1. For the condition out of contact with any Leu (no Cβ under 6 Å at 6 or more places or on another chain), among the aliphatic types (A, V, I, L, M), at negative phi and buried (at least 18 other Cβ atoms within 10 Å of the Cβ), what is the one hit in 89, 83, 58?
2. Identify all residues within segment 121-134 that are among the aliphatic types (A, V, I, L, M) and either within 12 Å of the ligand (Cβ to nearest atom) or not in a loop (DSSP other than H, G, I, E, B) (or both); write none if there are none.
3. Look at residue 72 and say whether it is within 10 Å of the ligand (Cβ to nearest atom), touching a strand residue (DSSP E or B) at 6+ places or on another chain (Cβ under 6 Å) and closer than 22 Å to residue 113 by Cβ.
4. If you check 108, 117, 101, which single one turns out to be hydroxyl-bearing (Ser, Thr, Tyr), surrounded by 15 or more Cβ atoms within 10 Å (Cβ to Cβ) and modelled with pLDDT of 95 or more?
5. Taking the condition of being more than 9 Å from the ligand (Cβ to nearest atom) and under 16 Å from residue 26 (Cβ atoms), how many residues in segment 110-120 meet it?
6. Would segment 13-23 turn up any residue that is closer than 25 Å to residue 111 by Cα, buried (at least 22 other Cβ atoms within 10 Å of the Cβ), near the ligand (Cβ under 9 Å from one of its atoms) and touching a residue at least 24 places away in the same chain (Cβ under 8 Å)?
7. Hey, among 89, 95, 81, 85, which residue is touching a residue at least 40 places away in the same chain (Cβ under 8 Å), within 8 Å of the ligand (Cβ to nearest atom) and small (Gly, Ala, Ser)?
8. Of all residues in segment 35-69, which are under 22 Å from residue 109 (Cα atoms) and within 11 Å of the ligand (Cβ to nearest atom)?
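The values are calculated or read from the model by the stated rules, or taken from the named source; none is laboratory data. Everything numeric here is computed off the predicted structure, so don't read it as measured data. With ideal geometry, Cβ positions are generated from the backbone for all residues, glycine too; neighbour counts draw on all protein chains shown.
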Amino acid sequence: MYRPARVGSGGARRVPQTILITGGAGFVGRAVARALVARGDRARVLDSLIEQVHGSRARPEGLPDAVELRTGDIRGGRAVAGAVAGVDAVIHLAAQVAVTTSLTDPVTDFAVNLGGTLTLLEALRRRADPPFRSSPRPTRSMATSPT
Ligand SMILES: NC(=O)c1ccc[n+]([C@@H]2O[C@H](COP(=O)([O-])OP(=O)(O)OC[C@H]3O[C@@H](n4cnc5c(N)ncnc54)[C@H](O)[C@@H]3O)[C@@H](O)[C@H]2O)c1
């Protein structure tokens, strides 16, 4: 997870965050979305609702009504740029997860899992207000601690 700023430390009252969950309509993403809403954060989901997982484009069960659902592909620069606008943090879960597909269609596997991740990072880097924390140790500015 990319977390640009730590809030609520030192006993201070926690400020709600707006958090983007890519692939947030999936198994893990829905659980994360429920947890975020339960603790008072705003959750936005970017998910292409792939047929192999969802069967239809209907809003998935188990995704709270409070969650903003954007149907879009992690490989699409415009959709991703729109999804990262204004968010405080990103949990990146959108992925081609099928081992069989990775063997029969490695090009798509690479495009979604590697290309999609790069598209996301690029959209964050290009934000008018890039949310990256400045740090003398750049590799540490991409925090991976769980929410
Ligand atoms: N489920 C587990 O036990 C587990 C364990 C370890 C790691 N993970 C990882 O967590 C992530 C999510 O796993 P999951 O089990 O929730 O999978 P999932 O298949 O249930 O969810 C993935 C979501 O990504 C979406 N998606 C797929 N391609 C997309 C694209 N091109 N653009 C936008 N959205 C797209 C799908 O529609 C789906 O909703 C994956 O990276 C997976 O490898 C899962």
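1. Exactly one of 89, 83, 58 is out of contact with any Leu (no Cβ under 6 Å at 6 or more places or on another chain), among the aliphatic types (A, V, I, L, M), at negative phi and buried (at least 18 other Cβ atoms within 10 Å of the Cβ), namely 89.
2. 121, 123, 124
3. yes
4. 117
5. 2
6. Yes, because at least one residue in segment 13-23 is closer than 25 Å to residue 111 by Cα, buried (at least 22 other Cβ atoms within 10 Å of the Cβ), near the ligand (Cβ under 9 Å from one of its atoms) and touching a residue at least 24 places away in the same chain (Cβ under 8 Å).
7. 95
8. Hits for segment 35-69 are 45, 46, 47, 48, 49, 50, 51, 52, 53, 54, 55, 57.
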